[in-house]
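The values are calculated or read from the model by the stated rules, or taken from the named source; none is laboratory data. In this text, all values refer to a predicted model and were calculated from it rather than measured experimentally. FYI the Cβ positions are ideal-geometry reconstructions off the backbone, even for glycines, and counts take in every protein chain you see. Ligands, DNA and RNA are excluded from the accessible area calculation, which covers all protein heavy atoms including side chains. Shrake-Rupley method; radii C 1.70, N 1.55, O 1.52, S 1.80 Å.
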Amino acid sequence: MNTDNPFTTDLEGEDDYPKRLLFARTRMSGRQRNYLDEHLPQWKINIDKAPQNLGGQNPADWFDKDYQDYALEIGFGGGEHLLGQARRNPQCGFIGCEPFPLGVAKLLRGIAQYDLTNIRIHCGDGRDIIDALADKTLCNLYLLYPDPWHKKKHHKRRFINTENLAAIHRVLTPRGGFLFASDIVPYVDWTLIHIRASGLFRLVAQSVEDWQAPPSQWFSTRYEEKAQREGRSTTYLRLQKLGGTIRKTGKK
Ligand SMILES: C[S@@+](CC[C@H](N)C(=O)[O-])C[C@H]1O[C@@H](n2cnc3c(N)ncnc32)[C@H](O)[C@@H]1O
């Protein structure tokens, strides 16, 4: 494994999603790699991987000043939503995770264009960041249009699963928010089933209409626009962290 490469993750060598990460890396041209080499170091998060420090890191340590709140977007794609949120909320430090190098390059261009300082980047798996963070450190977590992994044999690759929901719950502040958006109905159903089984989140919606509209002050992403062009509507699940202990799936 090349440890100089910012796109390595702890998952390399496993047989599912990581192959895709490897594939993403090989698609970069030399010019794109140079751009990343030049601009990424300023914004890249260095996770402390010492076992005794996992689960105890403060997001403030990854920024050059303290912010009022911290938020995380997993799989930011081209960074449209992340840039919009960071511009609108200068009091909040935003962490973005994305293993796709061209997306990271696009975000870096946006950071420079808008002269932002409140974004930090992890070029890899969102779980690396969640696992590193101390309890109750994020006020918001965004998962927008996650890969649906349509085939049944690939469902285990979906980001929403029992373990990841418990991990997300751990890092959110009391009453912190988790926003899931998808245009893929079976993935929305899958997510609702897992959320209900977990007992860890409350769905903030009075009616079906509430699921169909994005939150106010929304920043549309490339995948959202693609879904709209292709006639698929999006479900926005606004989830609020509940207190209490973690319930295992299948137990009453
Ligand atoms: C369908 S795209 C959506 C991108 C973006 N959120 C949007 O709405 O345009 C899913 C993205 O999630 C990223 N991704 C997949 N698994 C991830 C993980 N475990 N951690 C971080 N990003 C991930 C992929 O590289 C991809 O860019």
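With Cα atoms defining each centre, the range 113-181 and the range 56-80 are spaced 11 Å apart in the structure. Largest accessible area first, the listed residues Lys106, Lys44 line up as Lys106, Lys44 when surface is computed with a 1.4 Å probe on the assembled protein chains. Between helix 162-171 and the chain there is an angle of about 70 degrees, using the helix long axis and the longest principal axis of the Cα atoms. Among Thr162, Thr221, the sequence by solvent-accessible area, most first, with a 1.4 Å probe is Thr162, Thr221.
Largest GNM mean-square fluctuation among Arg158, Arg229, Arg238, using the chain with Cα springs under 10 Å: Arg229. In this view, the solvent-accessible surface of Asp131, computed with a 1.4 Å probe and all protein chains in place, comes to about 60 Å². With the simple spin-label model, which puts each label point 7 Å out from Cα in the Cβ direction, the Arg222 to Leu102 separation comes to 0.6 nm. Here, the chain is characterised by an Rg to Rh ratio of 0.94, where Rg is the alpha-carbon radius of gyration and Rh the Kirkwood radius.
Taking chymotrypsin sites (Phe, Trp or Tyr not before Pro) in DSSP loop states with no more than 15 other Cβ atoms inside 10 Å as exposed sites, the chain has its longest site-free stretch at 1-113. At full extension, Lys65 and Gln206 could sit 46.9 nm farther apart than now, given 0.36 nm per residue minus the alpha carbon distance.
Over the range 18-241, accessible surface divided per residue gives 49 Å², non-protein components excluded, 1.4 Å probe. What do you get for Rg/Rh over the range 39-109 if you use C-alpha atoms and the Kirkwood form of Rh? Over the Cα atoms of the range 39-109, Rg/Rh equals 0.97. Taking all protein chains together and a 1.4 Å probe, the residues Glu225, Glu73, Glu209 rank Glu209, Glu225, Glu73 from largest to smallest accessible area. Across the range 82-96, coupling constants 3J(HN,Hα) worked out from phi with the 6.51/-1.76/1.60 Karplus curve, θ = phi - 60°, read 4, 5, x, 5, 5, 5, 6, 10, x, 7, 10, x, 10, 10, x Hz, and Gly and Pro carry x. Below 8 Å, C-alpha to C-alpha, sequence gap of six or more: please give me the relative contact order for the chain in percent. It rounds to 19 percent for the chain.
Per-residue surface analysis assigns Arg232 an accessible area of about 80 Å², computed on protein heavy atoms at 1.4 Å probe radius.
Over the chain, dividing the summed -39,500 (n - 2.57) contributions of all DSSP H runs of at least 4 residues by the number of residues returns a 222 nm mean residue ellipticity of -9500 deg cm²/dmol. Here the range 18-241 exposes an accessible surface that is 49 percent carbon and sulfur, computed with a 1.4 Å probe and the other protein chains kept in place.
Taking the Cα centre as origin and putting +1 on Lys and Arg beta-carbons and -1 on Asp and Glu beta-carbons, what dipole magnitude results for the range 18-241, to the nearest 20 debye?
Its charge dipole is roughly 780 debye.
In plain terms, the chain from Gln240 to Asn53 could stretch by 64.6 nm, reckoned as 0.36 nm per residue minus the Cα-Cα distance. Taking all protein chains as they are arranged and a probe of 1.4 Å, the heavy atoms of Ile193 leave approximately 120 Å² accessible to solvent.
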